[in-house]
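**Student:** First the structure, which I've put down as structure tokens, then a few questions once you've had a look.
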Amino acid sequence: MATWHEFWASGAADLLATCQYVAAGLSVGLAAIGPGVGEGYAAGKAGAGIARQPAEAGVTLRTMLIGQAISETSGIFGLVVAFLLVFTRSESVTNWVTGAGLLGAGLAVGLSAIGSAVGAGLVAGEAVEGVARVPDARSQVTLTMLIGQALAQNTSVLGFVVAMLLLSAGAGADVDIEDWAGNVPRMAALLGAAVAMGAGAFGPAMGIGIVGARACWGVARRSDHARAVQRTLFIGAAVSESTAIYSLVVALILYGLAIGGI
């Protein structure tokens, strides 16, 4: 009867090869949550706005489509990383450090996409409602929407960057495939980097989305003070994003420790 060690050794390579596929599922699956919610929220606001101002249906619909397109951005990041994971050559996944890096890449981009897309959807929804209420302010409201959505997407960009780093973690490293226990600290550091950036991006993106949404609300009602409102948007977003920068710093430190062998 085969011992546990012999059983593990015989199946280690096959089990390791599954990491890229699980990671791909995490990447696109998690990244699909935020865009679906954000885009649906914007569409709901558009429907209510058109019912209130049927004569402005065309402008309202165009604003909705622009807002939805930008809300989709973080979902595209997840899709790109998922494709990279799916088409990674199985022969290149040679050790458990690499496997942990792949799983971390899926988590980092997937989790970071949720808050950004929902935040961008909040901005789009308020902008659509503002345009429907005050059609004459549509240019200023649309500009404010684009600013707010771009700022809300910043944290998903950070998650995407960390994911790209994690994709190559452990590649070519001289690690015994059977010695998974000896590499637990390196694996934990890579997964910790993914969680730090992925989860750390959620709150700041949502906060920026709230700031951007209220900025669109304000501009729609007082377009003559749009510049003052937009300045407040920039300042509020910068402060909200500071904790995402903390998460990025910790993620990079953990990544460096893992690459350096702890």
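Here's the yes/no breakdown for (1) within 30 Å of Glu126 (Cα to Cα); (2) modelled with pLDDT under 95:
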position: Asp176; (1), (2): no, yes
position: Trp180; (1), (2): no, yes
position: Val184; (1), (2): no, yes
position: Phe202; (1), (2): yes, yes
position: Gly212; (1), (2): yes, no
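**Student:** For segment 96-148, give me the residue count where each residue is surrounded by 24 or more Cβ atoms within 10 Å (Cβ to Cβ) and of a type in the set (D, E, K, R).
**Tutor:** 2
**Student:** Based on what the data block shows, is Ser223 hydroxyl-bearing (Ser, Thr, Tyr) and within 17 Å of the chain's Cα centre (by Cα)?
**Tutor:** No: the conditions fail for Ser223.
Every residue, every condition in (1) among the polar types (S, T, N, Q); (2) part of a helix (DSSP H, G or I); (3) without any contact (Cβ under 8 Å) to a residue 12 or more places away in the chain, yes or no:
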site	(1), (2), (3)
Leu65	no, yes, yes
Leu79	no, yes, no
Thr98	yes, yes, no
Gly101	no, yes, no
Gly110	no, yes, no
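**Student:** Another question about this same structure. Scan segment 76-95 residue by residue and report those that are within 13 Å of Ser27 (Cβ to Cβ), modelled with pLDDT under 95 and surrounded by 24 or more Cβ atoms within 10 Å (Cβ to Cβ).
**Tutor:** Residue satisfying the conditions is Leu85 alone.
Yes/no matrix, rows are residues, columns are (1) modelled with pLDDT of 95 or more; (2) under 30 Å from Ala127 (Cβ atoms); (3) crowded, with 16+ Cβ neighbours inside 10 Å:
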site: Ala2; (1), (2), (3): no, no, no
site: Trp8; (1), (2), (3): no, no, no
site: Gly11; (1), (2), (3): no, no, no
site: Gln20; (1), (2), (3): no, no, yes
site: Gly40; (1), (2), (3): yes, yes, no
site: Val59; (1), (2), (3): no, yes, yes
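**Student:** What pairs come up if the first residue lies in segment 208-234 and is without any contact (Cβ under 8 Å) to a residue 24 or more places away in the chain, the second is surrounded by 14 or more Cβ atoms within 10 Å (Cβ to Cβ), and their beta carbons are under 6 Å apart, counting only those six or more places apart or on different chains?
**Tutor:** Pairs that qualify, where the first residue is without any contact (Cβ under 8 Å) to a residue 24 or more places away in the chain and the partner is surrounded by 14 or more Cβ atoms within 10 Å (Cβ to Cβ), are Gly218/Val229.
**Student:** If you go through segment 56-92, how many residues are within 18 Å of Ala213 (Cβ to Cβ) and of a type in the set (S, T, N, Q)?
**Tutor:** Within segment 56-92, residues that are within 18 Å of Ala213 (Cβ to Cβ) and of a type in the set (S, T, N, Q) number 6.
**Student:** Turning to a different aspect of this structure: Please find, among Ala113, Ala124, Ala150, the residue that is within 17 Å of Ala205 (Cα to Cα) and in contact with a Pro (Cβ under 8 Å, 6 or more places away or on another chain).
**Tutor:** None of the others qualify; the one that does is Ala113.
The values are calculated or read from the model by the stated rules, or taken from the named source; none is laboratory data. Predicted model only: the values in this text are computed from it and were never measured. In this analysis, Cβ positions are derived from the backbone assuming ideal geometry, glycine residues included, and neighbour counts consider all displayed protein chains.
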